[in-house]
Each structure stands twice: as structure tokens, then as C-alpha cells.
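The values are calculated or read from the model by the stated rules, or taken from the named source; none is laboratory data. Computed from a prediction, not measured in an experiment: that's the story for all the values here. So basically every Cβ, Gly included, is an ideal-geometry build from the backbone, and we count neighbours across all protein chains shown. For the accessible areas, the whole protein counts, side chains as well, though only heavy atoms, and no ligand, DNA or RNA atoms are used. Shrake-Rupley method; radii C 1.70, N 1.55, O 1.52, S 1.80 Å.
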Amino acid sequence: MRFKSVFASVIALSIGFGSLPAGAETLRVGTEAQGIPFAFLNDQNQIDGFMVELIKVIGEKVGFDVQMEPMEFSALIASLTSGKIDLISAAMYNTPTRAEVVDFSDDVYSFGEGMVVSKDDTKEYTSFKDVEGEIVGAQLGTVYIAALEEAGIFSEVKAYDTIPAVMNDVNAGRIKAGFVDYPVASYYLGQGQFPEVHLVKTYKAALPGRIGIITAKGDTERMAKINAAIAELKESGELDKMIEKWSLS
């Protein structure tokens with residue numbers, strides 16, 4: 001599949017950012033490769049996006065260099081807790097369950113899930129209940145998968161490695177609906193991808209969430225520096241400019 005080939009081409013990619021003093025610490029930062037506009041492979045075959053730019057700027061302010069480590073979303077926390085990476089900068093919700101094993105910075109952005117269905121399906125869906133008995137899907141490792149499974153009302157809940165894979169199966173008619181990060185789906189559709197799919201405007205997000213930079217549990221000194229940098233970015237308006245740049249406002 002195209003998505004797997006793209007992921008394979010990026011998994012070995014790592015990029016250093018910023019003009020930092022010689023000997024500056026280099027931190028391995030985990031992210032995903034297909035989370036447009038948060039983190040994705042751009043036309044220059046480089047990892048780019050809102051969360052990539054954000055950790056770059058934070059690194060410059062705090063004094064560390066950045067080596068991006070693209071991987072499957074579902075592998076991010078395990079990679080951090082096992083020491084394979086030092087930070088996570090991705091569109092990952094701050095949830096109580098995750099906060100038991102990793103630490104989240106102050107919030108940098110918030111959003112909810114979107115519902116995608118066939119463009120020919122014009123029903124005004126508002127909740128999970130409206131597709132009871134159908135086959136639905138979401139990205140592996142997200143809170144959406146757990147919520148769909150716990151609802152216990154679907155004939156099947158399919159898990160996918162990436163959001164494009166979810167949308168591709170809606171596009172092909174293999175599942176009735178997909179529940180994915182609203183900003184990501186909106187960006188893909190705005191670029192003309194998945195022409196047989198549309199976002200349901202009447203759907204009301206049931207799982208709004210907040211995202212930030214993630215450190216290993218107990219890495220308090222590093223987290224304090226990251227939060228100070230985030231506070232500075234908020235105060236200066238630079239964070240708002242990044243949000244606008246990546247069409248997240």
C-alpha cells in the first residue's frame with residue numbers, strides 16, 4: 001500500500017534543527033509521519049508540521065538540538081518509556097491513563113474527533129449512536145478506538161495504523177464511518193485527497209482533547225524548561241502564529 005511505502009521511506013529519517021552552541025544536547029523526538037498538519041513528510045522528504053516546528057522552537061529556546069524519529073502513533077509511548085526516544089511531539093491527547101506513565105507539558109492546542117463518511121451519505125449524524133450496527137474505524141492507539149469498542153454498538157471496530165488508512169477505507173466503502181482527528185481529516189480533504197469522503201458537519205465531538213510535549217515520567221527538570229518556553233511562546237504570540245500558519249485556527 002502507498003501509506004506503508006511512505007512510512008518505510010521515512011522511518012530512518014532524522015533531522016537536526018537550529019543553530020545551537022557546539023556540544024548542545026541532541027534529543028530524540030518521536031512523532032508520526034502521516035499526521036498532517038501536526039507531523040508529516042513534506043515535498044522535500046523531510047518531517048514537517050506544527051508539532052515539529054514547535055519542538056524545534058522550544059529546543060532553540062531551551063538549548064537542545066532535535067533529532068526527529070518518525071514511527072507509528074501506537075509505538076510512541078512504548079518508545080519513550082523504553083528509552084528509545086527522549087520526547088514525544090505529536091497530536092497525542094493528554095489523558096489520565098497516559099499521564100500515569102508519561103508526563104505532559106502545558107497545553108499547546110486542543111481539538112476533537114471528526115466523523116468521515118462517504119460523500120454520497122448526506123445523513124445528519126451527531127453521535128456514535130447514529131451508526132449503530134455498522135462497521136467503523138479509527139487509528140490504533142487513539143482514544144477513539146477505545147471509545148468505539150466500549151460503546152459496544154457496532155458490528156465491527158477496525159483499527160488502522162494511520163489516519164489516511166482509515167479515510168482510504170471510507171473512500172473505498174469498506175467501512176461506514178471513520179472517527180479521526182478533525183484537523184487532520186480537514187487538511188487532507190482540503191488538499192483534494194479522498195474525493196469520495198466528507199466530514200460530517202453536524203457531528204458533535206464526544207472526545208475533545210488537549211495536546212502538548214511529552215517527557216518520560218519524572219523528567220521534571222526538562223519539563224520545567226519546556227513549560228517555560230511554551231509560556232514564552234504564548235506570551236509573545238508566536239504560538240498563535242504557528243497555529244494560524246498550519247491552518248489550525
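Worth pointing out:
- Note on ILE243: accessible area is roughly 20 Å² with a 1.4 Å probe, heavy atoms of protein only.
- Taking amide H positions as modeled 1.01 Å from N, with prolines and chain starts lacking one, the residues under 5 Å from GLU69 and 5 or more places away or on another chain are VAL29, GLY30, THR31.
- Placing a label point 7 Å from the Cα of VAL101 along the Cα-to-Cβ direction, the residues of the stretch 125-154 with a backbone N closer than 14 Å are 141-143.
- Of the whole protein surface, ASP240 contributes about 100 Å² of accessible area at a 1.4 Å probe radius.
- Its alpha carbons give the chain an Rg and a Dmax of 18.1, 59 Å.
- Pairs with C-alpha atoms separated by more than 22 Å, drawn from the list LYS119/LYS241; LYS84/LYS158; LYS129/LYS158; LYS61/LYS241; LYS119/LYS204; LYS176/LYS204, are LYS119/LYS241; LYS84/LYS158.
- With all protein chains in place and ligands, DNA and RNA left out, the 1.4 Å accessible area ranks GLU32, GLU132 as GLU132, GLU32, largest first.
- Relative contact order for the stretch 163-249: 19 percent, from Cα pairs under 8 Å spaced at least 6 residues apart, divided by residue count.
- Positive-end residue of VAL102, LEU148, ILE163, charge dipole of the chain with Cβ unit charges: ILE163
- Solvent exposure, largest accessible area first (probe 1.4 Å, DNA, RNA and ligands not counted), of ARG28, ARG222, ARG174, ARG98: ARG174, ARG28, ARG222, ARG98
- DSSP beta bridges in the chain [antiparallel fraction, %, rounded to 5]: 55 percent
- Amide H to amide H, with H built 1.01 Å from N, TYR109 comes under 5 Å of ILE211, counting only residues 5 or more places away or on other chains.
- Portion, in percent, of the accessible area of the chain that falls on carbon or sulfur, probe 1.4 Å: 47 percent
- For the chain, the relative contact order is 25 percent, taking Cα pairs closer than 8 Å that sit 6 or more residues apart in sequence and dividing their mean separation by the residue count.
- For the stretch 24-126, the solvent-accessible area works out to 37 Å² per residue, with a probe of 1.4 Å and every protein chain left in place.
- Compared with the dominant principal axis of the Cα atoms in the chain, helix 50-62 is inclined by about 20°.
- Relative contact order, percent, the stretch 113-207 [alpha-carbon distance under 8 Å, six or more residues apart]: 46 percent
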